[in-house]
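First the structure, in the form of C-alpha cells, and then the observations on it.
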Amino acid sequence: MGPTQKPNVCRQLSRRALGFFSRDAGVVQRTNLGILRVLVCQESTKFKNVWTTHSKSPIAYERGRIYFDNYRCCVSSVASEPRKLYEMPKCSKSEKIEDALLWECPVGEILPNPSDYKSSLIALTAHNWLFRVSATTGKVLEKIYLASYCKFRYLSWDTPQEVIAVKSAQNKCSALARQAGIQQPILLYLAVFHVLPFSLIGILEISKKIFGNVTDATLSHGILIVMYSSGLVRLYSFQAIIEQFMQQKLDLGCACRWGGTAGTVGEAPFGIPCNIKITDSPPLLFEVSSLENAFQIGGHPWHYIITPNKKKQKGVFHICALKDNSLAKNGIQEMECCSLESDWIYFHPDASGRIIHVGPNQVKVLKLNEVENNSAQHQISEDFVILANREKNKNENLLTVTASGRVVKKKFNLLDDDPEQETFKIVDYEDELDLLSVVAVTQIDAEGKAHLDFHCNEYGTLLKSIPLEESWDVTYSHEVYFDRDLVLHIEQKPSRVFSCYVYQMVCDPGEEETTNRSCEKE
C-alpha cells in the first residue's frame with residue numbers, strides 16, 4: 001500500500017464546523033491535533049524565542065506550566081507570552097516543596113467536589129506534608145501530614161494518575177554506628193495513596209532483616225522493585241504484600257490508637273503509622289542481575305532489557321522474554337561507537353512495543369516480531385534509523401615535523417561524540433502529535449549550536465528542523481520539551497544558575513510554502 005494522502009486542513013476545518021465528528025468520542029480532538037501537526041511541520045511555520053528567564057533555583061515544566069522557586073511560583077506558557085498564574089506565600093526552608101506531580105482529572109469518574117475536576121499539583125514538602133494544590137490558583141485544597149519517624153523526599157506514580165508512592169530518604173548507618181556493631185533495621189519507607197479523593201493504601205517499611213543490603217526500592221504498576229549494589233533486581237507483588245502483612249487498615253481523618261498513642265490519621269502531630277510490616281520473605285515474582293540495576297519491562301508480549309552485570313559489557317543490551325528469560329533472536333544490541341558518553345535504550349513510550357536505541361550519531365527504532373514458523377520465539381529487527389548529518393570520512397590526518405625536518409602524517413579516528421560533529425543529545429516523543437523530537441548539537445568555533453528535529457514516528461522521515469538561538473554547552477545539564485506548539489529549553493549552568501528559553505509556534509503568512517514534507521516511508 002502507498003503512503004497515506006496528506007490531509008487537507010481546510011477540508012478538515014469545514015467538516016468540523018459542520019459537526020461531522022460530533023457523534024464520535026475523541027474524533028474532534030484527534031482531528032484538531034492532526035491539523036496542528038500539519039501546521040507545526042509546514043515550511044512557513046517558525047518557532048520564535050518569546051521569553052528567556054534565569055533563576056537561582058531549579059526550573060520545572062509540566063503540561064504548559066513552568067514552575068520556579070521550588071514550585072512556589074507558576075507561569076503559564078500557553079499564552080502568546082508567558083504570564084504568571086500564581087505565586088504562593090514565601091515559606092521557610094523547612095516548609096519548601098521538595099517534589100511534585102501534576103494530577104489531571106480522569107475521564108468518566110464522579111468526584112466529590114467541583115474543584116476535583118480541575119488539574120492539581122500534588123506536592124511533598126520538606127516537613128513531611130503532602131499537599132494537593134490547585135494548578136491554576138495555587139490554593140491548597142487538601143493536606144495530609146505523613147509522619148515524624150522518617151524524612152519523606154520523593155514522589156512518583158505507581159499507576160499514572162491513580163496511585164502515588166511517596167518514598168523516604170534512605171537511612172544510612174554511620175561509620176561510628178558500624179564500628180559499634182549497630183545496624184540500621186529500617187532502610188526506607190514507602191507511603192502509597194489513591195488520589196482524588198485521597199485515600200491511604202498503607203505505609204510499607206523496607207527492612208534490612210527481610211531484604212538485606214538494599215540500595216533502592218520503588219513501586220511501579222503494583223510491583224515492588226528492590227535493587228542491590230551487586231546489580232541484583234527483585235520484583236514482588238505489592239498486592240500480595242498488603243494481603244499478607246498489613247497490620248491494620250487505616251483511613252485518613254479517622255481516630256486511631258497506635259503504639260499507646262492516640263490521634264487522627266493524616267493530621268499533625270500523629271501522622272500515619274507504618275501499618276505494613278513485612279515479617280517474612282514475601283513471594284518472589286522475578287529476579288535478574290544487571291549492570292547498575294538497569295532493568296526495563298515492555299513490548300508485546302512482555303520482554304525486558306538488561307545489561308550483563310560486568311563492567312566490560314557496558315553498552316551491550318540483552319532483550320529477553322519475561323515468561324522464560326529466553327533471549328530474543330537478534331536480542332543482543334550493541335551500537336559500535338567510540339564515545340565518551342554511552343548510548344542508551346528504552347521501550348518506545350507510544351505503547352507500540354517498539355524499542356528506541358540512541359547513540360551519538362544514530363537513533364535506531366527496533367521492532368519485536370514473531371519468528372517465522374515459530375510463534376513462541378520473537379526477534380528484533382530494525383524499523384528505521386535516523387542518522388546524524390556528518391561527513392562520511394571520520395579519519396583525520398595529523399601532520400608532525402621531526403627534529404630532522406621530516407614530515408610525518410598520522411591517521412587517527414575522531415570520537416563518535418566529538419563536539420565538532422553533529423551529535424544526538426536528547427530523543428523524546430510527542431504523543432499528541434505522534435512525532436519523535438531529536439536534539440542534535442554541533443560545536444561551531446567556541447560555542448555549540450543545537451537544533452530540534454521532528455521526525456515521523458511511523459517511518460522516521462524528517463519533517464521539520466528548528467534551530468535553537470542560544471548556545472549549547474555540552475558540559476551543562478539540559479532538558480528540552482516539545483509540547484504541541486511549544487518548545488522549552490531548560491539549562492543548568494555552574495553555581496546552580498538555571499536558564500529557561502521558551503519558543504512558540506509562529507505561522508508567517510508572508511512566506512509561501514514551497515515544499516510539502518509528508519510522513520511517508522522513504
Per-residue counts of other Cβ atoms within 10 Å, averaged by peptide: what ranking do you get for 258-267, 53-62, highest first? 53-62, 258-267
Backbone N under 19 Å from the LEU340 label point (7 Å along Cα→Cβ), restricted to segment 352-390: 359-362
Rounded to the nearest percent, how much of the accessible area of segment 188-227 (1.4 Å probe, protein heavy atoms only) is carbon and sulfur? 56
Filtered hits (aspartates and glutamates, Cα-Cα < 14 Å from LYS48, offset >= 8 within chain) -> GLU81, GLU469, GLU470, ASP485, ASP508
Largest first, what is the accessible-area ranking of LYS93, LYS151 with a 1.4 Å probe? LYS93, LYS151
Lys, Arg +1 and Asp, Glu -1 on Cβ, resulting dipole of segment 178-276 about Cα centre, debye, nearest 20: 300
Quick one: which of LYS56/LYS139; LYS118/LYS249; LYS46/LYS364; LYS84/LYS449; LYS364/LYS425; LYS56/LYS93 span more than 18 angstrom between C-alpha atoms? LYS56/LYS139; LYS118/LYS249; LYS46/LYS364; LYS84/LYS449
For a quick protection proxy, order the peptides 299-305, 188-194, 126-132 by their average other-Cβ count within 10 Å, most packed first. 188-194, 126-132, 299-305
Report the FRET efficiency, 1/(1 + (r/R0)^6), for ASN32 and THR218, where r is their Cβ-Cβ distance and R0 is 35 Å, rounded to 0.05. 0.45
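The values are calculated or read from the model by the stated rules, or taken from the named source; none is laboratory data. This structure is a prediction, so every number in the text was calculated from the model and none was measured. Cβ coordinates were reconstructed from backbone atoms using ideal geometry, including for glycine residues, and neighbour counts include every protein chain displayed. These area figures cover heavy atoms from the full protein model, side chains too; ligands, DNA and RNA do not enter into them. Shrake-Rupley method; radii C 1.70, N 1.55, O 1.52, S 1.80 Å.
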